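What follows is one structure encoded as C-alpha coordinates, with my remarks underneath.
The values are calculated or read from the model by the stated rules, or taken from the named source; none is laboratory data. Quick caveat, the model's predicted, so the values are computed rather than measured. Counting neighbours? That spans all protein chains shown, and the Cβs are built from the backbone with ideal geometry, glycine included. With ligands, DNA and RNA removed, areas are computed over all heavy atoms of the protein, side chains included. Shrake-Rupley method; radii C 1.70, N 1.55, O 1.52, S 1.80 Å.
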Amino acid sequence: ANGYYNSRWTKCIHGSRDFSDMVYIDNYIFNKDVFIQFNSTVGEFVGYTALGVHNAESWNKDTNLLQQERAGVERYCKHNAEIRQSAIADKT
(Lines give C-alpha, C1' and ligand atoms only; values in the text may rest on other atoms or scores of the structure.)
Protein backbone atom coordinates (compact mmCIF):
# COMPACT_ATOMS: atom_id res chain seq x y z
CA ALA A 1 0.00 0.00 0.00
CA ASN A 2 1.26 3.43 -0.87
CA GLY A 3 0.92 5.64 2.15
CA TYR A 4 2.70 7.26 5.00
CA TYR A 5 3.64 5.79 8.34
CA ASN A 6 3.72 8.12 11.34
CA SER A 7 4.25 7.00 14.93
CA ARG A 8 5.60 8.02 18.29
CA TRP A 9 7.47 5.62 20.57
CA THR A 10 8.54 6.28 24.14
CA LYS A 11 11.15 4.16 25.86
CA CYS A 12 12.53 3.89 29.36
CA ILE A 13 15.99 2.43 29.83
CA HIS A 14 17.71 1.61 33.12
CA GLY A 15 20.18 -0.83 34.54
CA SER A 16 20.05 -0.19 38.26
CA ARG A 17 17.50 -1.48 40.75
CA ASP A 18 16.98 1.98 42.23
CA PHE A 19 16.31 3.53 38.79
CA SER A 20 18.98 6.20 39.39
CA ASP A 21 20.22 5.77 35.82
CA MET A 22 16.74 5.90 34.23
CA VAL A 23 16.61 7.48 30.77
CA TYR A 24 13.40 8.61 29.05
CA ILE A 25 13.40 8.67 25.23
CA ASP A 26 10.52 10.03 23.16
CA ASN A 27 10.86 9.29 19.42
CA TYR A 28 8.82 10.85 16.63
CA ILE A 29 8.93 8.58 13.58
CA PHE A 30 7.93 9.14 9.97
CA ASN A 31 8.15 6.29 7.46
CA LYS A 32 10.12 4.23 10.00
CA ASP A 33 12.83 6.90 10.47
CA VAL A 34 13.23 8.88 13.68
CA PHE A 35 13.09 12.52 12.65
CA ILE A 36 13.04 14.10 16.11
CA GLN A 37 13.87 12.75 19.55
CA PHE A 38 13.75 13.88 23.15
CA ASN A 39 16.31 12.17 25.38
CA SER A 40 16.26 12.98 29.09
CA THR A 41 20.06 12.83 29.31
CA VAL A 42 20.26 15.59 26.69
CA GLY A 43 17.28 17.47 28.14
CA GLU A 44 15.97 18.82 24.86
CA PHE A 45 14.74 17.79 21.43
CA VAL A 46 17.23 16.83 18.72
CA GLY A 47 16.29 16.77 15.05
CA TYR A 48 17.67 14.22 12.60
CA THR A 49 16.13 15.53 9.38
CA ALA A 50 15.47 19.02 8.03
CA LEU A 51 11.92 18.88 9.43
CA GLY A 52 13.18 17.43 12.70
CA VAL A 53 15.79 20.18 13.12
CA HIS A 54 13.16 22.83 12.40
CA ASN A 55 10.72 21.29 14.91
CA ALA A 56 13.44 20.79 17.54
CA GLU A 57 14.42 24.46 17.37
CA SER A 58 10.79 25.48 17.79
CA TRP A 59 9.91 22.93 20.49
CA ASN A 60 13.04 23.70 22.52
CA LYS A 61 11.82 27.30 22.86
CA ASP A 62 8.59 26.08 24.50
CA THR A 63 9.50 25.91 28.20
CA ASN A 64 6.20 24.19 29.10
CA LEU A 65 6.77 21.42 26.56
CA LEU A 66 10.36 20.91 27.71
CA GLN A 67 9.22 20.77 31.33
CA GLN A 68 6.65 18.09 30.47
CA GLU A 69 9.20 16.02 28.57
CA ARG A 70 11.83 16.35 31.29
CA ALA A 71 9.26 15.18 33.84
CA GLY A 72 8.78 12.01 31.78
CA VAL A 73 11.51 10.22 33.72
CA GLU A 74 9.59 10.54 36.99
CA ARG A 75 6.02 10.64 35.69
CA TYR A 76 6.22 7.85 33.13
CA CYS A 77 9.38 5.78 33.51
CA LYS A 78 10.06 5.53 37.22
CA HIS A 79 6.36 5.35 38.08
CA ASN A 80 5.75 2.37 35.78
CA ALA A 81 9.07 0.69 36.61
CA GLU A 82 8.26 0.78 40.33
CA ILE A 83 4.87 -0.82 39.71
CA ARG A 84 6.37 -3.55 37.54
CA GLN A 85 9.26 -4.21 39.90
CA SER A 86 6.99 -4.58 42.92
CA ALA A 87 4.66 -6.89 40.97
CA ILE A 88 7.59 -9.10 40.01
CA ALA A 89 9.20 -8.99 43.46
CA ASP A 90 5.91 -9.89 45.15
CA LYS A 91 5.68 -13.07 43.07
CA THR A 92 9.17 -14.35 43.90
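Structure above, values below:
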{"read-out": "Residues located in the range 43-62, provided they are open to solvent by 100 Å² or more (accessible area, probe 1.4 Å) and farther than 18 Å from TRP9 by Cβ", "value": "HIS54, GLU57, LYS61"}
{"read-out": "Residue match in the range 65-73 (condition: open to solvent by 100 Å² or more (accessible area, probe 1.4 Å) and over 18 Å from PHE19 (Cα atoms))", "value": "yes"}
{"read-out": "Residues of the range 1-25 satisfying the condition of being assigned to a loop (DSSP other than H, G, I, E, B), without any contact (Cβ under 8 Å) to a residue 40 or more places away in the chain and closer than 25 Å to GLU74 by Cα", "value": "GLY15, SER16, ASP18, SER20, ASP21"}
{"read-out": "Conditions (1) within 26 Å of SER86 (Cα to Cα); (2) more than 11 Å from the chain's Cα centre (by Cα); (3) loosely packed, with under 12 Cβ neighbours inside 10 Å; number of the one not met by TYR4", "value": "(1)"}
{"read-out": "Among (1) among the polar types (S, T, N, Q); (2) more than 16 Å from the chain's Cα centre (by Cα); (3) open to solvent by less than 100 Å² (accessible area, probe 1.4 Å); (4) at negative phi - the single one GLN37 does not satisfy", "value": "(2)"}
{"read-out": "So TYR28, is it touching a Gly at 6+ places or on another chain (Cβ under 7 Å), open to solvent by less than 70 Å² (accessible area, probe 1.4 Å) and either of a type in the set (Phe, Trp, Tyr) or not in a helix (DSSP H, G or I) (or both)", "value": "no"}
